[in-house]
1. What does the accessible area per residue of segment 1-108 come to in Å², with a 1.4 Å probe and no ligands, DNA or RNA counted?
2. Suppose every K and R has +1 on its Cβ and every D and E has -1 on its Cβ; what is the size of the dipole of segment 165-220 about the Cα centre, in Debye to the nearest 20?
3. Arg202: accessible area at probe 1.4 Å, nearest 10 Å²?
4. Place a point 7 Å from Cα of Arg120 in the direction of its Cβ. Which residues in segment 61-82 have their backbone N less than 19 Å from it?
5. What 222 nm value per residue comes from the helices of the chain, counting each DSSP H run with n ≥ 4 as -39,500 (n - 2.57) and dividing by all residues, nearest 500 deg cm²/dmol?
6. Compute a Gaussian network model of the chain, connecting alpha carbons closer than 10 Å, and tell me which residue from Ala58, Ala203, Ala43 fluctuates the most.
7. Which of rounded, prolate or oblate describes segment 17-104 when judged by the alpha-carbon gyration tensor and an a/c cut-off of 1.5?
8. Would you work out if segment 33-72 is rounded, prolate or oblate? Take a ≥ b ≥ c from the square roots of the eigenvalues of the alpha-carbon gyration tensor; rounded if a/c is under 1.5, else prolate when a/b is larger than b/c, oblate otherwise.
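The values are calculated or read from the model by the stated rules, or taken from the named source; none is laboratory data. What you are looking at is a predicted structure, and each value in this text was computed from that prediction instead of being measured. Note that we place each Cβ from the backbone using ideal geometry, even for glycine, and neighbour counts take in every protein chain shown. Ligands, DNA and RNA are stripped out before the accessible areas are found, and what is left, the full protein with its side chains, is counted by its heavy atoms. Shrake-Rupley method; radii C 1.70, N 1.55, O 1.52, S 1.80 Å.
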Amino acid sequence: QLARLNVDVIEAGFPISSAGDFQAVQQISRKVRGPIIAALARAVKEDIDCAWDSIKEAAKPRLHVFLAASDIHMEKKLRKDPETCLMEAVQAVRYAKSLTDDVEYSLEDSTRARIDYILRVVEAVIDAGATVVNLPDTVGYTTPEEYGELIRRIKNEVPNIDKATISVHCHNDLGLAVVNSLEAVKNGARQVECNVNGIGERAGNAALEEIVMAMRIRNE
């Protein structure tokens, strides 16, 4: 049904998380034609290998690699310093790129990260081969003005940004997922990650149908 809707990309799952997820992604890759089929992986070789195995039969496969970008996530969750995370991000993107041309990289919790660090990571992962850079509002924390400014600064200050698509991924904890996504598009984002009916973890994600109709009705 998503293919019939003409969505550009179907992120089919997180294959390393369970055997069921792997099998589901693999079946989607084999059967669904039209959209890019993406699989999610942490920035480690085992995850990337598993994700690639699940989507390698897709007509248009994409590997989507993510790693924390905020100080609180790096320190409290990963117990790693920013330079180590930057090095791991670059290595993961390079490895994913050796498997497929289409690689997305997400700076997890980017809306609570330091802007100078975000700019460095975005430039580095594009140099490493990322074709899409995603700035997720992982904990549903940002506001439209803040998010628009983040996207604008990336578009204006990252020297190689013309080599990648800017993507956004918003959560709805404050009821702002759709408006944050639309504000990002106004400021240069060209991919919006969203879910049917906004269904997603915690308070949900940006609603696909609301974003589509907002753009169609208020096309100007």
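1. 51 Å²
2. I would put it at about 160 debye.
3. For Arg202, the solvent-accessible surface is approximately 140 Å².
4. So the set is 67-82.
5. Mean residue ellipticity, 222 nm, calculated: -12500 deg cm²/dmol.
6. Greatest mean-square fluctuation among the candidates belongs to Ala203.
7. Verdict is prolate for segment 17-104.
8. oblate
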